[in-house]
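**Q** Could you have a look at this structure, given as structure tokens, before my questions?
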Amino acid sequence: MAIDRVQPAEAWARTGSVASWLIAQGFGPQSAPVAILSGDSPERALFLFGALRAGVRVASLSSDISLSGLDLVFTSVAPTLVFAQDSKAYGAALDRAQARGVRIVTVDGKRGLAFAALAACSIDAAVAERRLHITADTPAMIQFTGSTGVPSTHGNLVAGGSG
């Protein structure tokens with residue numbers, strides 16, 4: 001599913017669909033995080049905001065992370081799902097993820113589940129219900145820009161800060 005431009009109402013609906021899917025799969029504030037392996041893209045943004053709407057912690061990885069850096073992320077954060085923009089470009093990383101039993105979602109759909117399937121899910125009441133349980137202190141993101149992860153909460157994101 002290639003997305004060139006998404007209108008705000010459509011983006012909100014798609015992030016709700018992603019959130020619904022994640023909640024139905026058991027992801028939330030108490031679950032293991034998900035990891036994003038992608039450069040900037042509309043799909044990455046939709047997945048990220050869908051995960052945040054579901055209260056899922058997201059490990060955001062630099063698109064040029066080394067395989068040893070990726071191994072550090074898998075060891076320290078232990079994501080159970082990886083979103084990747086391109087299954088060929090991130091093939092070695094996805095091989096490592098699969099070897100660890102990590103579920104995979106790719107935009108091109110050539111490895112794991114196709115992102116289009118998440119973005120097309122029906123939005124259910126679980127998304128609105130989940131928002132009632134997400135506070136400013138709920139962990140939101142772990143950003144890996146080097147060898148260590150920097151945590152952020154939902155409150156930090158709203159305030160525009162991190163840490």
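**Q** Determine which member of the set ASP95, ASP137 is closer than 17 Å to THR80 by Cα, modelled with pLDDT of 90 or more and out of contact with any Cys (no Cβ under 6 Å at 6 or more places or on another chain).
**A** After applying the criteria, what remains is ASP95.
**Q** Given the criterion of a type in the set (A, V, I, L, M, F, W, C), assigned to a helix (DSSP H, G or I) and touching a Lys or Arg at 6+ places or on another chain (Cβ under 6 Å), identify the matching residue among ALA13, ALA19.
**A** Values: ALA13 fails: touching a Lys or Arg at 6+ places or on another chain (Cβ under 6 Å).
Only one candidate qualifies: ALA19.
**Q** Still on this structure, please answer the following. Could you tell me whether region 22-34 includes any residue that is in contact with a helix residue (DSSP H, G or I) (Cβ under 7 Å, 6 or more places away or on another chain), closer than 20 Å to GLN85 by Cα, crowded, with 17+ Cβ neighbours inside 10 Å and not aliphatic (A, V, I, L, M)?
**A** No, there is no match, as no residue in region 22-34 is in contact with a helix residue (DSSP H, G or I) (Cβ under 7 Å, 6 or more places away or on another chain), closer than 20 Å to GLN85 by Cα, crowded, with 17+ Cβ neighbours inside 10 Å and not aliphatic (A, V, I, L, M).
**Q** Restricted to region 52-72, and to residues that are of a type in the set (Ser, Thr, Tyr) and in contact (Cβ under 8 Å) with a residue 60 or more places away in the chain, which residue is surrounded by the fewest Cβ atoms within 10 Å (Cβ to Cβ)?
**A** Checked region 52-72; the qualifying residue surrounded by the fewest Cβ atoms within 10 Å (Cβ to Cβ) is SER62.
**Q** Filter region 22-41 for residues that are under 13 Å from the mean Cα position of the chain (by Cα) and in a helix (DSSP H, G or I); which is farthest from THR135 (Cα to Cα)?
**A** Out of the qualifying residues, it is LEU22.
**Q** Report whether or not ALA119 is among the aliphatic types (A, V, I, L, M) and either in contact with a Cys (Cβ under 7 Å, 6 or more places away or on another chain) or loosely packed, with under 15 Cβ neighbours inside 10 Å (or both).
**A** Taking the combined requirement at face value, the residue does not satisfy it.
**Q** Test each condition in (1) surrounded by fewer than 21 Cβ atoms within 10 Å (Cβ to Cβ); (2) at pLDDT below 95; (3) not aliphatic (A, V, I, L, M) for TYR90 and report the one that comes out false.
**A** Result: TYR90 fails condition (1) only.
**Q** Out of contact with any strand residue (DSSP E or B) (no Cβ under 6 Å at 6 or more places or on another chain), closer than 28 Å to ARG131 by Cβ and among the charged types (D, E, K, R), is that true of ARG57?
**A** No; evaluated as a whole, the condition is false for this residue.
**Q** Let me ask something additional. Anything in region 59-72 that is outside any loop (DSSP other than H, G, I, E, B), out of contact with any Leu (no Cβ under 6 Å at 6 or more places or on another chain) and within 19 Å of ALA140 (Cα to Cα)? List them, or say none.
**A** Correct list: ALA59, SER60.
The values are calculated or read from the model by the stated rules, or taken from the named source; none is laboratory data. Since we're looking at a predicted model, the values are computed, not measured. Here the Cβ is made from the backbone with ideal geometry for all residues, glycine too, and neighbour counts use every protein chain on show.
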